[in-house]
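Structure, as structure tokens:
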Amino acid sequence: MNRSLNLQKLQEGEFDLLIIGGGITGTGIALDAQTRGLKTALVEMQDFASGTSSRSTKLIHGGLRYLKKFEFGLVAEVGRERAVVHRSAPHLVHPDKMLLPLLKGGQNGRTLLGIGLKIYDWLAGVTGLDRRRMLNRKETLAVEPLLSNNRVEGAGFYAEYRTDDSRLVISVAKTAAANGAVLANYVKAGEFIYLNDQVRGIKATDVLTGEELLIRAKWVVNAAGPWVDDVRGYDGGDSRPLVRLTKGVHVVVDKSKLPLAHPVYFDSPDGRMIFAIPRGEVVYLGTTDTAFEGDVKNPTITRADAEYILAAANDMFPSAALQLADIESGWAGLRPLIGEAGKPLRELSRKEEIFESPHGLITIAGGKLTGYRKMAEKVVDRVLLRSNLPAKKCQTGHIKLVGGEFENYVEVNEFIEELQSEFGRFADQQECRYLVHNYGREAHAILLEAEKLAMESSEAIATAEAIYAVENEMTESVLDFFERRTGRLNFRIKSIPKVRDGVLRVLADRLKWSEGRFIQENSLLDKALLRVVEWRDK
């Protein structure tokens, strides 16, 4: 993950496969292709995971919603994939008990929900303590007393898996790089290079320096998420859009405002399902599903988005009485769904589709976070079908991601305890848990670095994280660090004033920023910290 070296490598020789897009789909394809023996490259015009892949609900779903449509095969596939992704990175993808309340007049009846969850467990291969339980009214309120007392009739209690989507992307990218793939962020794809009327590479631009690059490859895959139609436009031909963009918004409140014990998945008054998910010292709520037109790089939260989510939360947890002023942060992301004429947004398929242009450009669009590995396998299979490249079968079903060298989540907790025992004088359990959930086994090296720094512990840990992020994770800007490498802008926003000076010093020193660049990055962080206030007060 050395960006300068990788920029040189991108221009040397010819790759078997070049991927445009550094979200979970693109990095997943890079890992699959490289571990099958293909010489693989990837470019991303912003930072890794800066689009849809850092703005999801941050769950590795088991596909429960597909049961309502009787898509049993899809539930089984998604359930199996959830288990595979968990095995590959137990520190990043860990089980969490989810509460699905039964409400008077709600969409789910007790018998129907019980049968549905039982089928769900069976199809997804859920075993042991993760199997679903049906709770009566008294048991439900004991588990989650904040629920609306006069409406709850019971609940399903079942297992889902929580993750940090940005960290998952970074871990997949690092694992691809560790296996020999050449990746670079802040490289924008431009015109295609052709040979015999077939796409054989791209002309690209280093966004940070303006330098032009020529990257040659036998095959090019467009995995640009919300920008797939823009990339297809460089290839000419069919200009009809493949995707329709919908916006999903999440907002974050302090846990003291909504002290949930477990994630809750519940009906909003208009019938849409809403999540309320505790994470550390906060709870995040979402999501919306509205048509989007505007700046794809910067989808925004509107007051109406936030009011919709808070109204649904207050309907389910009336004692919380959440207000706009309680929102500490939030994010808006775009879903690039396969467009179908005449279909309303809610009925558009979430499944991925693969398209191929007359010039050989392969495009993948749609799909879900949980299915990224199978999506990658299908794309690489398509490349191999169209070529004579020698390659192995898919390897990613048994590959551990960098930092995820644990047998299971029990070992993750044991490692957290080991770190606390070794560094307890310096880092409390909460910090150790945060670091392990972000970096897995790599957390030990970060704490060793932090101990060397003559700083208060929280600033030392963040500064050590910044050193690690620059040296190992291709961090190039202040928002790369605070938003995507650490999630502090969403989940630990109160910690930022305490650690920003140390982090900024490290970034400026390691990345050799000019004084002007330092001022610019400082300003970007200030704007990010103010963004909630800006929309809330309009």
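Observations, loosely collected:
- Qualifying residue in segment 356-368 (condition: open to solvent by 10 Å² or more (accessible area, probe 1.4 Å), under 20 Å from the mean Cα position of the chain (by Cα) and not basic (Lys, Arg)): yes
- Just one of the listed residues (THR486, THR475) is surrounded by 21 or more Cβ atoms within 10 Å (Cβ to Cβ) and in contact with a Phe, Trp or Tyr (Cβ under 6 Å, 6 or more places away or on another chain), and it is THR475.
Residue by residue, here is whether (1) within 22 Å of the chain's Cα centre (by Cα); (2) of a type in the set (D, E, K, R) holds:
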| residue | (1), (2) |
| --- | --- |
| GLU418 | no, yes |
| CYS432 | yes, no |
| ASN438 | yes, no |
| GLU456 | no, yes |
| ALA460 | no, no |
| ALA464 | no, no |
| SER477 | yes, no |
| PHE482 | yes, no |
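- Residue match in segment 304-318 (condition: closer than 26 Å to ILE60 by Cβ, assigned to a strand (DSSP E or B), touching a residue at least 40 places away in the same chain (Cβ under 8 Å) and open to solvent by 10 Å² or more (accessible area, probe 1.4 Å)): no
Listed here are the residues, each with its yes/no results for (1) within 21 Å of ARG382 (Cβ to Cβ); (2) open to solvent by 40 Å² or more (accessible area, probe 1.4 Å).
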{"position": "ALA177", "(1), (2)": "no, no"}
{"position": "GLU191", "(1), (2)": "no, yes"}
{"position": "ASN196", "(1), (2)": "yes, yes"}
{"position": "LYS218", "(1), (2)": "yes, yes"}
{"position": "SER239", "(1), (2)": "no, yes"}
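- Subset tally (residues that are open to solvent by less than 10 Å² (accessible area, probe 1.4 Å) and touching a helix residue (DSSP H, G or I) at 6+ places or on another chain (Cβ under 6 Å)) for segment 25-35: 7
- Residues in segment 250-273 that are open to solvent by less than 10 Å² (accessible area, probe 1.4 Å), modelled with pLDDT of 95 or more and either more than 16 Å from PHE491 (Cβ to Cβ) or out of contact with any Lys or Arg (no Cβ under 9 Å at 6 or more places or on another chain) (or both): VAL251, VAL253, LEU258, LEU260, VAL264.
- GLY487 being of a type outside the set (A, V, I, L, M) and either over 18 Å from GLU328 (Cβ atoms) or free of Cβ contacts under 8 Å to residues at least 12 places away in the same chain (or both): no
- Subset tally (residues that are among the hydroxyl-bearing types (Ser, Thr, Tyr), modelled with pLDDT under 90 and assigned to a helix (DSSP H, G or I)) for segment 88-130: 2
- Among the residues of segment 399-436, those that are within 16 Å of SER171 (Cβ to Cβ), open to solvent by 10 Å² or more (accessible area, probe 1.4 Å) and part of a loop (DSSP other than H, G, I, E, B) comprise ILE399, LYS400, VAL402, GLU405.
- Segment 274-303, residues that are open to solvent by 20 Å² or more (accessible area, probe 1.4 Å) and outside any loop (DSSP other than H, G, I, E, B): ARG279, THR290, ALA291, ARG303
- All of (1) touching a Ser or Thr at 6+ places or on another chain (Cβ under 8 Å); (2) modelled with pLDDT under 95; (3) of a type in the set (Lys, Arg) hold for ARG240 with one exception: (1).
- Flag if THR205 is of a type in the set (Ser, Thr, Tyr), in a loop (DSSP other than H, G, I, E, B), surrounded by fewer than 22 Cβ atoms within 10 Å (Cβ to Cβ) and within 26 Å of the chain's Cα centre (by Cα): no
- Filtered residues of segment 168-198 (kept if in contact with a Gly (Cβ under 8 Å, 6 or more places away or on another chain) and either outside any helix (DSSP H, G or I) or closer than 22 Å to HIS262 by Cβ (or both)): LEU183, ASN185, PHE192, ILE193, GLN198
- Whichever residue in segment 490-502 is in contact (Cβ under 8 Å) with a residue 40 or more places away in the chain and under 25 Å from GLY51 (Cβ atoms) and, among such residues, is surrounded by the most Cβ atoms within 10 Å (Cβ to Cβ): ASN490
The values are calculated or read from the model by the stated rules, or taken from the named source; none is laboratory data. Predicted model only: the values in this text are computed from it and were never measured. So basically every Cβ, Gly included, is an ideal-geometry build from the backbone, and we count neighbours across all protein chains shown. Ligands, DNA and RNA are excluded from the accessible area calculation, which covers all protein heavy atoms including side chains. Shrake-Rupley method; radii C 1.70, N 1.55, O 1.52, S 1.80 Å.
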